[in-house]
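Trainee: Please find one structure pasted underneath; my questions will follow.
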Amino acid sequence: MELSARYDPSKIEEKWYAYWLEHKFFHSEPDGREPYTIVIPPPNVTGILHMGHVLNNTLNDVLIRKARMDGKNACWVPGTDHASIATESKVVAKLKAQGISKEDLTREEFLKYAWEWKEEHGGIILQQLRKLGASCDWDRTRFTMEPALSEAVINTFVYFYKKGWIYRGVRMVNWDPEGHTAVSDDEVIHKDTHSHFYHLRYYISDGQGHPTDQYLVIATTRPETIMADAAICVNPADERYHWLRGKHVLIPLINKEIPVIEDSYVEMDFGTGCLKVTPAHDAHDYEIGMRHNLPILDIIDDRGRLNENATILVGEDRFVARKKIVKMLEEAGNLEKVEDYTSPVGYSERTNAVIEPRLSAQWFLKMEDLAREALASVEEGRVKFIPDKYRNTYRHWMENVRDWCISRQLWWGQRIPAWYLPDGSFVVEATAEEALKAAQAKQPGLTMADLRQDEDVLDTWFSSWLWPVSVFDPQMPGHPDHKPNRDLSYYYPTNDLVTGPDILFFWVARMIMAGNEYMHAEPFRNVYFTGIVRDKLGRKMSKTLGNSPDPLVLIEKYGADAVRLGMLLCSSAGNDILYDEAQVEQGRNFCGKIWNAYRLVAGFQVDPALPQRESDATAVRWFRNKLSQAIATVEDHYAKFRISDALMTLYKLFWDDFCSWYLELIKPAYGASIDPETVRCTLGFFEDLLKLIHPVMPFITEELWQAIQPRKEGETIMFAATPAAGEYDTSVIDAFELAKETVMGIRSVRKQKNLPPKDTLEVKVKGGFPADMIPVVAKLANAGPVSLVEDFGDATGVSFMVGTVECFAVLGGLVNVEEELAKLEAALAYQRQFLENVRKKLSNENFTAHAPEKVVAMERKKEADSLSKIESYENQIKLLKNNE
RNA sequence: GGGCGCAUAGCUCAGUCGGUUCAGAGCAUCUGCCUUACAAGCAGAGGGUCGGCGGUUCGAAUCCGUCUGCGCCCACCA
C-alpha cells in the first residue's frame, strides 16, 4: 500500500463511513449480548450542526464505539425534535418574507407549509452528524412528530388525563405576544431592564364619581395598565394610609372608581407604599384579586395591544400605549414624577419578546407525585449525575416544582385530544371517533359536527420526555391494549445520557418521571453533563458575535478525527469548554503523528535471519508492560467518565512512550534491517494502540487497521475487541524509567556542552543501575561505551544523579571544573537541607506516634536516599578537585 | 434576595483517603536542530506564596471558619 507522506483525511473519512454504512455496522437488533443503549438528545429538526452538537455527539460516539468494542450490543438511536415554537416561528418568518401572514391561513394550510419546510430542511443535521463519524443506527431514526411518536404523545395525554393528573384551568401564564402562545416558567429569561418608575396621582372620589382635591400616589412601571386596575392596596399596618380606609379612588383619565383595600403583601417601604392592583396583568396582583374578590378586567389582547376594555388607546401596542399615556397623564396633572428604574423583566426565550402575564385557559399536568419519584431516583442513586454537583440543583428544583403547563397556542405540534361539546363540557380520547362515542355517552344524539377539538398543541417537552421509551415502543406501555415490545424490553433502560445542564429540568428530570411512570425504571443510569462551548475569550458562541465556527468547515479543513480530538481535549464533565482552533490543530497533528509512525513501521526492512537485539528485546518487554498499565488507567478513566483524561493517557502513550521512546529504540540504523520478532511485536502494539484510539478517532484508526495486515471484506476495527489490560510488572516500567532519565540527563549534558548528537559520548553508571538498560541508554543517548562501574576513577567529565544512581559523562577537556563544582555544591547544600528537614520530622515524636507506619517508613527511605545522595555529591566533588 | 459551585504555571485543567522525593499534565513560551517516519517535527529549558487571612492536625493544595473575586440555578418589590 502506498502511503502519502502526509495524512489526508478527506477521502479516507468518506470511504470508511460509506463502508460502515454499506455493511450496516451501526445497526443493532436485540440478541443474546448485553445491550448498551444511548438515545440521542434530539436536535431541532430544522437545526444545523453547531459546536455544542459536535461536543455532545462526539462524546456519545466515543461511548458507543467503546461499548461496541467491549463486546456489547451497542445501539445509538438518532432522531430529531419537532421543536414547536422554534420551528413554527421559523415557518411564520419564512411565510412573512413571502408576503403570507399566518392569520390568513387555515390550520391545515399552515401545517402543509410547515411540513414542506420540514421536508426541505429537516434532517440536515443528521446528515451533518455522519461527517463527524457518528455511528448512529440510522435505520432507527425517529422524529418526535412522526405519526407513531405523535400517537405516543396522544396516548400519554389520555393516560394521564384518565389518571386524573391532567386538568384544565385558568391561570396566570407567561404570554409571549410575539409567539402568541403561553410559555412555561422555564422558558422565561429575566433580564435587568432599564425603565421608569412613574408616580401617579389617584384622586379620592367624592362618592359620586367626582374627584376631590385629596389624592394618593402610587408608583408603577406599567402606566398603560391603569385602566385594568381593580383596587389600590396598602399594607394594613401602614399608618400613613389609615385615613384611606373605606374610601374609593378614581383611575386617572377614565375616572373609574375603585376601592382602597389592605393586604400585607404590600411592602410599606417600597415605592410609595400604595400598590395599584391589576389582577389581569400581574401574577401577584391576580393573587391579591382572588383574595379580595376583585373583578378581573383584561385590557391586553394576545398580540400585546390594548383592547376595547381599555376604553382609551384601544388598538395601541402596549409599549406605544405606555409612551402615550404618560403624556396624557402629565397633561391631566396626574403625573407626579418619573424616576429611572432598573428591574428584572421577563423575556421569551424563543422570541425575546417581553412576557405579558396573562390569564388564560391552559392544560396542566400535576407534578407532585412524578417529582417525588423522580427525586428519589437520583437521591437513591439509581440515576447518577456526572458531575455529582448537579444533584443539588436537581433536588432544589424537584422540591419546588409547580404543575406543568403543557398547552401551547401553536399549530406545529400534537393537538390536544380534547373535544368540546356544545354545552361547553369536554371529553378526552385518543381519536375523534372515540371522542364522539364518549360524547354520545354523555349526550345522546351528538354528531361529529357538534364536537370541536381543542385548538392548542402540546409543549414539545411533552413529547421529548417520552423519547427513551417511545423510540422503541411508540404505543407506550400505559396503553390499555399494550403488548410487550421486544425492542423496548431489550434496550430499555438506556445506559448513558450525554446532555447540557441547561435542559436538566426541561428534559432530563421529565424523562426520569416518564420512565418511572411507564416503565417503573429510570430511563438511564448515568447522565453526563457537558458544559457550554465558548470561544477562547469565554464568550458564548453566537451568530451575532460571529465567534462560532462552522463544524463542517473545520472538518473539511482538519478532518473529523482532528475536530473530535480537539473538542475532547479540554472537556471535563460539567465544565464549559473554551474552544480554540489550536486544539483542533493539535488533533490534526496527532493524526499526522499516528500516520507517520505507521509509515516508519510499514517501511521496516525485515531480515528473517536476523536475531533480536538485546535492546529491542528490552524495548518490547518494557512497552508490553507499559501498554498494560496504560490500558488499566484508561479503563479506569472511562469507568469514571473522565473522557478527556482517558484521551490524554492514550495521547501520551502513543506520542511519548510509543513514538519517542519505543520506536526510536527499535528503529534500525539507516539502510539496516530489523529482525522479524521485533517487527511482529511492534505491529501487535500498533494494532492495540489503534483499537484503543478508535473510539475517539474512528477514521484514521480504521484506515491503518485495514492497512496493517490483510483484512477480509466486511471486517472492521469497529468490532475488534478492546485490548485487555494484562498483568504488568512495575519493576520493568521503573527500570525503563531510570533509563529514560539517564538518557535525558545525557542529552541535557550534550545540550549544555554544545556537543553534536552525532558524536558518541562515553558514559559510566554506578552500581544499582539495571544492566539490561545499558544498551537502551547507549542507543537512545548515542552514548558509547556505556559501562557499569564501581567508581568513576580519575576521568574528567560531568556527573549527575538519576534517583540515587550516579551517572557520569566523560568529557575530557570540555569540563569547566569551577562551574561543575558550583553546581555540585549547590546540589549538596540543597540535599543537606532536605535531610535536615526529614530528620526534624523523624525526631518529632508526635509524628512517629501518630502517622501511619507507611508514611514513617517513607520518611526513613527519604533519609537513607538523601544520605546516599550526599555521599555521592561529596565523592564527586572530591573527584573533581583531584582532577584540577 | 435564596441556593449551589469555583479560585492551582501565561492559557485550559488534573490532583481520588489529609501523608510517596508533591506541587503535576497538555497547550503556549524560550534555546538548539531541516538528524532518511513526522518542522503539523525532534531535543533541551524556564515557569506556581495552590485567591487573602485565621483555625484544626505530627502533617493542609486537600478539612473547618472568614474575606475577596468569579460562575450557575431559583425567585422577582409593583
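The values are calculated or read from the model by the stated rules, or taken from the named source; none is laboratory data. Quantities reported herein were computed from a predicted structural model and do not represent experimental measurements. Quick reminder, even Gly has a Cβ in these numbers, built from the backbone with ideal geometry, and neighbours come from all protein chains shown.
Trainee: Considering only region A:411-441, state which residues are surrounded by fewer than 21 Cβ atoms within 10 Å (Cβ to Cβ), without any contact (Cβ under 8 Å) to a residue 60 or more places away in the chain, of a type outside the set (A, V, I, L, M) and in contact with a strand residue (DSSP E or B) (Cβ under 7 Å, 6 or more places away or on another chain).
Mentor: Within region A:411-441, A:Arg415, A:Tyr420 meet the criteria.
Trainee: Looking only at region A:687-722, which residues are outside any loop (DSSP other than H, G, I, E, B) and more than 32 Å from the chain's Cα centre (by Cα)?
Mentor: Filtering region A:687-722 for residues outside any loop (DSSP other than H, G, I, E, B) gives A:687-693, A:698-708, A:717-719.
Passing the criteria: A:Gln706, A:Ala707, A:Ile708.
Trainee: If you take the residues of region A:368-402 that are in a loop (DSSP other than H, G, I, E, B) and touching a residue at least 60 places away in the same chain (Cβ under 8 Å), which of them is farthest from RNA strand B (Cβ to nearest atom)?
Mentor: Among those that are in a loop (DSSP other than H, G, I, E, B) and touching a residue at least 60 places away in the same chain (Cβ under 8 Å), it is A:Arg382.
Trainee: Now for a different question. Out of curiosity, is A:Tyr638 part of a helix (DSSP H, G or I) and modelled with pLDDT under 95?
Mentor: For A:Tyr638, the condition - part of a helix (DSSP H, G or I) and modelled with pLDDT under 95 - is met.
Trainee: Determine whether A:Trp363 is crowded, with 18+ Cβ neighbours inside 10 Å and within 16 Å of RNA strand B (Cβ to nearest atom).
Mentor: no
Trainee: Oh, and also: Output the residue which, of all residues in region A:1-14 that are of a type outside the set (Asp, Glu) and surrounded by 14 or more Cβ atoms within 10 Å (Cβ to Cβ), is farthest from RNA strand B (Cβ to nearest atom).
Mentor: That would be A:Ile12.
Trainee: OK, next. Tell me which residues, restricted to region A:562-596, are crowded, with 20+ Cβ neighbours inside 10 Å and in contact with a Cys (Cβ under 7 Å, 6 or more places away or on another chain).
Mentor: Answer for region A:562-596, where residues must be crowded, with 20+ Cβ neighbours inside 10 Å and in contact with a Cys (Cβ under 7 Å, 6 or more places away or on another chain): A:Ala562, A:Ile577, A:Gln583.
Trainee: Can I ask one more? What's the total number of residues in region A:456-493 that are in contact (Cβ under 8 Å) with a residue 60 or more places away in the chain, loosely packed, with under 14 Cβ neighbours inside 10 Å and more than 22 Å from A:Arg525 (Cβ to Cβ)?
Mentor: Residues that pass the stated criteria total 0.
Trainee: So, in region A:737-752, of the ones that are more than 9 Å from RNA strand B (Cβ to nearest atom) and without any contact (Cβ under 8 Å) to a residue 60 or more places away in the chain, which residue ends up farthest from A:Val798 (Cα to Cα)?
Mentor: Filtering first and then ranking leaves A:Glu737.
Trainee: Oh, and also: In region A:576-589, what count of residues is obtained for those that are within 8 Å of RNA strand B (Cβ to nearest atom), part of a helix (DSSP H, G or I) and out of contact with any Gly (no Cβ under 6 Å at 6 or more places or on another chain)?
Mentor: 5
Trainee: Mind listing just one residue for me: the one in region A:111-136 that is among the aliphatic types (A, V, I, L, M) and in contact with a Pro (Cβ under 8 Å, 6 or more places away or on another chain) and, of those, farthest from A:Leu49 (Cα to Cα)?
Mentor: Step one: filter region A:111-136 for residues among the aliphatic types (A, V, I, L, M), giving A:111, A:114, A:124-126, A:129, A:132, A:134.
Filter again for in contact with a Pro (Cβ under 8 Å, 6 or more places away or on another chain), leaving A:125-126, A:129, A:132, A:134.
Values: A:Ile125: 6, A:Leu126: 9, A:Leu129: 8, A:Leu132: 10, A:Ala134: 13 Å.
Out of the qualifying residues, it is A:Ala134.
Trainee: Tell me which of these A:Pro785 doesn't satisfy, since it passes every other one: (1) within 15 Å of RNA strand B (Cβ to nearest atom); (2) in contact (Cβ under 8 Å) with a residue 12 or more places away in the chain.
Mentor: The failed condition is (1).
Trainee: Here is a list of conditions, (1) part of a strand (DSSP E or B); (2) under 28 Å from A:Ile296 (Cα atoms); (3) of a type outside the set (D, E, K, R), and A:His194 meets all of them except one; can you say which number that is?
Mentor: Of (1) part of a strand (DSSP E or B); (2) under 28 Å from A:Ile296 (Cα atoms); (3) of a type outside the set (D, E, K, R), only one is false for A:His194: (2).
Trainee: Can I ask one more? Determine, yes or no, whether A:Tyr670 is within 12 Å of RNA strand B (Cβ to nearest atom), at pLDDT 95 or above and either aromatic (Phe, Trp, Tyr) or under 39 Å from the mean Cα position of the chain (by Cα) (or both).
Mentor: no
Trainee: Mind checking whether some residue in region A:487-506 is within 16 Å of RNA strand B (Cβ to nearest atom), assigned to a loop (DSSP other than H, G, I, E, B) and farther than 28 Å from A:His396 by Cβ?
Mentor: no
Trainee: Having 3 or more residues that are within 15 Å of RNA strand B (Cβ to nearest atom) and not hydroxyl-bearing (Ser, Thr, Tyr) is the bar; report the strands (runs of 3 or more DSSP E) wholly within region A:207-302 that clear it.
Mentor: In region A:207-302, A:211-220, A:231-234, A:256-262, A:274-277 are the strands (runs of 3 or more DSSP E) which contain 3 or more residues that are within 15 Å of RNA strand B (Cβ to nearest atom) and not hydroxyl-bearing (Ser, Thr, Tyr).
Trainee: May I ask you to list the residues in region A:1-35 that are under 29 Å from the mean Cα position of the chain (by Cα) and of a type in the set (Asp, Glu)?
Mentor: Within region A:1-35, A:Glu13, A:Glu14, A:Glu29, A:Glu34 meet the criteria.
Trainee: Here is a further query. Run down A:Glu819, A:Glu863, A:Glu836, A:Glu806 and say which single residue is in a helix (DSSP H, G or I), surrounded by 15 or more Cβ atoms within 10 Å (Cβ to Cβ) and within 16 Å of RNA strand B (Cβ to nearest atom).
Mentor: Unique residue meeting the criteria: A:Glu863.
Trainee: Can you find, within region A:641-662, the residue that is nearest to the chain's Cα centre (by Cα) among those that are more than 8 Å from RNA strand B (Cβ to nearest atom), among the aliphatic types (A, V, I, L, M) and under 23 Å from A:Leu497 (Cα atoms)?
Mentor: My answer is A:Ile643.
Trainee: Also: In the set A:Tyr113, A:Tyr19, A:Tyr7, A:Tyr36, which member is of a type in the set (Phe, Trp, Tyr) and without any contact (Cβ under 8 Å) to a residue 40 or more places away in the chain? Walk me through how you get there before you give the answer.
Mentor: On the way: A:Tyr19 fails: without any contact (Cβ under 8 Å) to a residue 40 or more places away in the chain; A:Tyr7 fails: without any contact (Cβ under 8 Å) to a residue 40 or more places away in the chain; A:Tyr36 fails: without any contact (Cβ under 8 Å) to a residue 40 or more places away in the chain.
Testing whether each residue is of a type in the set (Phe, Trp, Tyr) and without any contact (Cβ under 8 Å) to a residue 40 or more places away in the chain leaves just A:Tyr113.
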